[in-house]
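First comes the structure, then the notes that go with it.
The values are calculated or read from the model by the stated rules, or taken from the named source; none is laboratory data. In this text the structure is predicted, and so the values were computed from the model without any measurement. Cβ sites come from the backbone with ideal geometry, for glycine too, and all protein chains shown count toward neighbours. These accessible areas exclude ligands, DNA and RNA; they are computed on the full protein's heavy atoms, side chains included. Shrake-Rupley method; radii C 1.70, N 1.55, O 1.52, S 1.80 Å.
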Amino acid sequence: MLTCLWGCNNGKPPLDNPSQGSIIIAADESFHPLVTQLTSAYSGIYPNTHFKIIFKPEQEAINMMLHDSARLVFATRTLKPSERAVLNQRKIKGATEKIATDGVALIINKANTDSLITMNELRGIFNGQYKEWAQLGKSNQNGPITLVFDNNNSSNLEFVLNTFNVKDVSKLRIFTTRSNREVIDFVRKNPSALGFIGVNWISDSDEPLSVELAKDLRVMGVSPKENPTQRDDYFQPFQEDLGMQRYPLRRPVYILSRETHPGLGGGLINYIARDAGSLIIRKLGLWPRIPYDRVINLTK
């Protein structure tokens, strides 16, 4: 029987399918909690499935998928025309599925009392207009503003630079670590730091690690208004403000696929986008693209 199966597939190992097999997934490190929980839940339903997850800066993760080193990618953007051409040359249709709305959270040390900021003030920081906390007028900190990101090529950094149209960072006080967790640790130890992380690292109130990481930090409220007049003009990167599109530093989460057959990658995508996977996205504090249907029977 084994000989027949092998021979019928032209000498190649049997293809994976939605309920069994093993594939490689690449993802930006800012999505570590999200990707880990989604794949673990899927493997819990289908024990014969295995996911090897490689966390890389977003561009490197996408390159892995383009060069057939990964089947799926979790990313904040779709493929560029030049990247799409790579798959077209190989006659691979691929797939792009938006699964959630995420946010880049701005975190500061608990000793810093300035937990509110406007988009104009952020723009001023990134164009070099504001270099000291005192220039913002509300902080008890007098030192320079140190911008802290997880990686030189991370999706967090690319998203913020694109948002404020920053072309040259050489004159900015930017410090990069190796992970979102290290950004959190750096901010916890440095009152003058302003950290940028994927919100799913700290938004799951039921996850002990999220609760532990959020200790001794403040998550800043961001206002899109030029001259906000009340606290309600500021929004944080949590579920309701992401879903209602009030938080200005929100971004989409996509799964990009190069799968060419009905395989394990497609099974995972369907689970996340159209099945109970959306409950995990909601539990993590993000906003799922397709809410999971809940049926409630009321009886007298």
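Out of the range 103-131, which residues are outside any loop (DSSP other than H, G, I, E, B) and either open to solvent by 70 Å² or more (accessible area, probe 1.4 Å) or among the aromatic types (Phe, Trp, Tyr) (or both)?
Passing the criteria: ARG123, PHE126.
Select from the range 88-108 the residues that are under 22 Å from the mean Cα position of the chain (by Cα) and among the polar types (S, T, N, Q) and write down the one among them that is farthest from LYS283 (Cα to Cα).
From the range 88-108, those under 22 Å from the mean Cα position of the chain (by Cα) are 94-108; that's our starting set.
Cutting the leftovers down to among the polar types (S, T, N, Q) gives us 96, 101.
Working: THR96: 23, THR101: 13 Å.
Residue satisfying both the conditions and the ranking: THR96.
Any idea how many residues of the range 264-296 are crowded, with 20+ Cβ neighbours inside 10 Å and closer than 22 Å to ASP241 by Cα?
10
Would you mind stating whether ASN156 is open to solvent by 60 Å² or more (accessible area, probe 1.4 Å) and either in contact with a strand residue (DSSP E or B) (Cβ under 8 Å, 6 or more places away or on another chain) or free of Cβ contacts under 8 Å to residues at least 60 places away in the same chain (or both)?
For ASN156, the condition - open to solvent by 60 Å² or more (accessible area, probe 1.4 Å) and either in contact with a strand residue (DSSP E or B) (Cβ under 8 Å, 6 or more places away or on another chain) or free of Cβ contacts under 8 Å to residues at least 60 places away in the same chain (or both) - is not met.
Step by step: first the residues of the range 134-153, then only those that are open to solvent by 20 Å² or more (accessible area, probe 1.4 Å) and in contact (Cβ under 8 Å) with a residue 60 or more places away in the chain, then the one that is farthest from PRO191 (Cα to Cα). Which residue is that?
Applying the filter and picking the extreme gives ASN153.
Of the numbered conditions (1) modelled with pLDDT under 95; (2) within 17 Å of GLY263 (Cβ to Cβ), PHE51 fails exactly one; give the number of that condition.
The one condition PHE51 does not meet is (1).
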